[in-house]
Amino acid sequence: MAGLALGVAAAIRFQLAPGAGLAMLFFIQKKKNKEILSAYCAFILPIVFLGILDWVTLGNAFQSIFKNYYYNKTLGIADQYGKKWPGFYIEKYIEFWGALCVPAFFLILKAKQEKVIPLLIAGFILFYHSLISHKEMSFVYASVILIVFVAACGCFEVIQKVPEQKAKILGGITVGMLFTFISTYIPFLNDNSIGLRFQKMASKQPDACGIALLTGTAGYSSFEMGGYSTLSKKIPLYLYSSINEATENSQYYNYIITTEQGSVPIFSKEWQQIKCKSNKICLYHHVNQTCAGHPDFEQFSNKLKALEK
């Protein structure tokens with residue numbers, strides 16, 4: 001089962017394959033050939049399935065992996081989304097966990113021999129992802145799980161030694177985790193859901209007949225601003241990637257959410273600023289305007305398809 005799970009992880013997200021491969025090496029210490037062979041066969045099965053799937057759908061085995069590497073590394077497409085320094089992930093751990101890093105480190109040290117394998121795998125995942133210039137925390141989520149697991153093992157050891165202090169230890173950890181969530185993650189979630197909240201705010205207005213989303217030229221922020229996944233198809237959504245495009249089609253909507261705040265020609269006296277957040281994203285209303293023409297509920301998805309090309 002462990003071999004199969006590691007194989008599935010490597011097949012679904014091939015960037016985890018080196019970490020999964022390191023984990024598989026530890027099966028050798030069992031020194032039982034039957035178990036080792038079973039684990040490696042189970043590990044290979046999902047990877048073989050990926051190769052067959054790519055061959056059937058893309059024409060060549062493991063084509064999805066080769067193309068991903070070619071586009072992102074050889075052509076440097078991933079770097080267009082931003083480059084980070086090698087210590088980015090450690091910096092983010094400290095930023096997200098804050099003061100909890102201290103007790104987490106203490107508990108990791110208290111863990112017994114079971115900490116060696118998961119810590120080595122977590123460290124290896126962090127290491128080879130740190131060598132890649134484009135970085136996102138989602139790339140190393142697997143290491144987060146392993147580190148928390150080891151800290152939990154250390155917490156168990158501490159409680160075993162001082163069972164009378166169990167309530168205080170668990171209570172202190174719980175309070176610390178809640179404080180970290182409130183002080184770090186809630187502001188983070190709020191900052192990344194502004195577009196969604198503005199979209200819902202506009203949809204609840206009684207005169208709303210069309211909502212436009214004006215993003216950057218490549219439409220990157222359109223995914224943060226949402227779509228029909230958060231709203232029913234009662235009010236049409238329009239996605240525009242340039243000021244001129246939004247201006248030419250201004251008769252089809254009377255609310256617009258834009259990341260191009262302060263520079264859009266259509267925002268003249270007829271447009272009223274409803275709300276802005278950190279001067280990064282704003283919601284505007286065209287006063288006393290009714291939308292022209294038939295609602296186009298396909299424009300949003302069609303525009304996304306065009307941007308993907």
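Among the residues of the range 220-240, which ones are more than 30 Å from ILE77 (Cα to Cα), modelled with pLDDT under 80 and open to solvent by 40 Å² or more (accessible area, probe 1.4 Å)?
At the first step, the residues of the range 220-240 found to be more than 30 Å from ILE77 (Cα to Cα) are 231-236.
When the remaining residues are screened for being modelled with pLDDT under 80, the result is 231-233.
Within the range 220-240, SER232, LYS233 meet the criteria.
All but one of (1) open to solvent by less than 80 Å² (accessible area, probe 1.4 Å); (2) under 17 Å from ILE94 (Cα atoms) hold for VAL158; which doesn't?
(2)
I'm trying to understand the selection: among the residues of the range 1-38, which are surrounded by 15 or more Cβ atoms within 10 Å (Cβ to Cβ), farther than 18 Å from PHE124 by Cβ and aliphatic (A, V, I, L, M)?
LEU4, VAL8, ALA11, ILE36
Given the options PHE127, PHE66, PHE139, name the one that is surrounded by 18 or more Cβ atoms within 10 Å (Cβ to Cβ) and either among the aromatic types (Phe, Trp, Tyr) or in a helix (DSSP H, G or I) (or both).
Values: PHE127 fails: surrounded by 18 or more Cβ atoms within 10 Å (Cβ to Cβ); PHE66 fails: surrounded by 18 or more Cβ atoms within 10 Å (Cβ to Cβ).
Just a single option satisfies the conditions, and that option is PHE139.
Collect the residues in the range 65-85 that are farther than 14 Å from HIS129 by Cβ and aliphatic (A, V, I, L, M), keeping them in residue-number order.
Within the range 65-85, ILE65, LEU75, ILE77 qualify.
Every residue in the range 241-269 that is more than 18 Å from SER203 (Cβ to Cβ), modelled with pLDDT of 75 or more and either in contact with a helix residue (DSSP H, G or I) (Cβ under 8 Å, 6 or more places away or on another chain) or assigned to a loop (DSSP other than H, G, I, E, B) (or both), please.
The first filter runs over the range 241-269 and keeps only residues more than 18 Å from SER203 (Cβ to Cβ), leaving 241-251, 259-269.
Adding the requirement that they be modelled with pLDDT of 75 or more leaves 241-251.
The answer is SER241, SER242, ASN249.
Considering each residue of the range 96-115, count those that are within 27 Å of SER183 (Cβ to Cβ) and at pLDDT 85 or above, and give that number. Before you say what the answer is, go through the steps one by one.
Restricting attention to the range 96-115, the residues satisfying the condition of being within 27 Å of SER183 (Cβ to Cβ) are 96-111.
Next, from what is left, pick out any that are at pLDDT 85 or above: 101-111.
Summing the residues that are within 27 Å of SER183 (Cβ to Cβ) and at pLDDT 85 or above in the range 96-115 gives 11.
Look through the range 187-206, keep the residues that are loosely packed, with under 11 Cβ neighbours inside 10 Å and at pLDDT 80 or above, and return whichever of them is farthest from the chain's Cα centre (by Cα).
Of the range 187-206, the ones loosely packed, with under 11 Cβ neighbours inside 10 Å are 187, 189, 192, 204, 206.
With the extra rule that they be at pLDDT 80 or above, the set shrinks to 204, 206.
Details: LYS204: 28, PRO206: 34 Å.
Residue satisfying both the conditions and the ranking: PRO206.
What residue, of LEU100, LEU75, LEU53, is crowded, with 16+ Cβ neighbours inside 10 Å and either in contact (Cβ under 8 Å) with a residue 24 or more places away in the chain or on the phi < 0 side of the Ramachandran plot (or both)?
Values: LEU75 fails: crowded, with 16+ Cβ neighbours inside 10 Å; LEU53 fails: crowded, with 16+ Cβ neighbours inside 10 Å.
None of the others qualify; the one that does is LEU100.
The values are calculated or read from the model by the stated rules, or taken from the named source; none is laboratory data. Just so it is clear, the model here is predicted, and its values are computed rather than measured. As a convention, Cβ positions derive from the backbone with ideal geometry for all residues, glycine included, and neighbour counts pool all protein chains shown. What goes into the accessible areas is simple: the full protein's heavy atoms, side chains included, and nothing from ligands, DNA or RNA. Shrake-Rupley method; radii C 1.70, N 1.55, O 1.52, S 1.80 Å.
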